[in-house]
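All remarks here apply to the structure that follows.
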């Protein structure tokens with residue numbers, strides 16, 4: 001993954017993959033329906049739509065003069081809400097997620113900390129059987145690749161903070177182990193006394209505790225890595241790019257917007273990105 005240094009800290013940049021696109025044809029069909037102007041389309045599939053729907057041809061449309069005109073002359077953007085794109089985002093941060101979620105007109109599914117924190121807790125429980133429990137915990141958690149931070153020293157600071165939070169919690173909660181691991185794994189604690197590595201591997205191989213993050217989400221920081229799938233209609237995507245691919249945006253979400261834009265097909269950028277349109281078609 002690409003790394004960038006900002007304000008003395010080196011970060012991993014997110015990766016983005018385009019999962020699906022609906023095409024522009026449905027948006028033009030919607031616009032032509034409003035104006036009853038199918039005969040004026042340069043796309044034969046749209047022109048024939050009132051008599052015969054060729055869905056495959058409609059979805060294959062690469063350009064629409066009507067949509068161009070509505071988007072840039074009349075600024076009638078509601079029509080392009082009928083075109084959507086879905087992205088797989090890997091390796092952005094919880095901090096970005098908080099800002100990303102402010103864009104309300106999107107579908108978003110995010111990797112859950114409630115269900116995916118077991119390995120961190122397994123490492124902590126197993127670390128008690130190590131000669132140097134902190135060092136054991138640091139090594140295991142670092143291998144999980146949980147943070148957008150690329151600096152080894154800063155990652156150690158993050159992991160140390162998690163270790164200290166869990167240690168504090170364990171001192172106050174008598175039933176810590178029953179919160180952290182599945183009931184079926186409890187016998188492993190006595191079976192692997194003084195064998196941190198064996199206990200960790202056994203816990204990892206065992207059943208994962210459901211909703212394990214309920215008691216432990218407090219350990220998560222803004223630098224925790226997040227994977228998610230997001231779907232935007234391109235009117236909302238225009239708003240996202242306008243605000244987030246901007247010098248005024250926080251650098252981490254700007255990286256995400258730029259990565260999303262990089263995998264967005266030109267036919268959509270032509271309708272929603274002024275800079276792209278100027279550089280490619282009017283410059």
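Any read-out appearing in this document is the output of simple, stated calculations on the displayed coordinates, not a laboratory observation. Bear in mind the structure is a predicted one, so any value in this text is a computation, not a measurement. Glycine also receives a Cβ, built like all others from the backbone with ideal geometry; neighbour counts cover every protein chain displayed.
List of remarks:
- Calculated FRET efficiency for the pair residue 81/residue 262, C-beta based, R₀ 22 Å, to 0.05: 0.45
- Helix 251-262 axis, angle to the chain major axis (alpha carbon atoms, nearest 10°): 50
- Between residue 5 and residue 134, residue separation times 0.36 nm minus the direct Cα-Cα distance comes to 43.7 nm.
- Going through (1) 0.97; (2) 0.94; (3) 1.14, the figure that equals Rg/Rh (Cα atoms, Kirkwood Rh) as computed for the structure here is (3).
- Placing dummy labels 7 Å off each Cα toward the beta-carbon, the span from residue 47 to residue 167 is 7.6 nm.
- To the nearest ten degrees, helix 196-205 and the longest principal axis of the Cα atoms of the chain are 40 degrees apart.
- Relative contact order [Cα under 8 Å, 6+ residues apart], the chain, whole percent: 28
- Where a label projected 7 Å from the Cα of residue 114 along Cα→Cβ would reach, residues of the stretch 170-205 with amide N under 19 Å: 179-183
- Dividing the Cα radius of gyration of the stretch 118-219 by its Kirkwood radius returns 0.94 for Rg/Rh.
- From the alpha carbon centroid of the stretch 9-30 to that of the stretch 237-258 is 14 Å.
- Cα-based helix-to-principal-axis angle, 118-127 vs the chain, degrees rounded to 10: 20
- Relative protection proxy for 140-151, 65-76, from highest mean packing down: 140-151, 65-76 (other beta-carbon atoms within 10 angstrom).
- Inter-label distance, residue 191 to residue 160: 3.6 nm, where each label sits 7 Å from its Cα along the C-beta direction.
- Residues residue 221 and residue 278, FRET efficiency given R0 of 30 Å [Cβ-Cβ distance, rounded to 0.05]: 0.15
- Report summary: the helix-based calculation at 222 nm, which adds -39500 (n - 2.57) for every DSSP H run with n ≥ 4 and divides by the residues of the chain, gives -13000 deg cm²/dmol.
- Between residue 63 and residue 99, the C-beta separation translates, for a Förster distance of 25 Å, into a calculated FRET efficiency of about 0.15.
- Between the stretch 89-151 and the stretch 189-205, the Cα center-to-center distance that results, in Å: 21
- Expressed in Å, the radius of gyration and Dmax of the Cα atoms of the stretch 199-268 are 18.4, 54.
- In this entry, the stretch 22-92 is assigned a mean projected area of 5.7 nm², taken as a quarter of its C-alpha convex hull surface.
- Remark: spin-label model distance residue 175-residue 250 equals 3.5 nm, labels positioned 7 Å along the Cα→Cβ axis.
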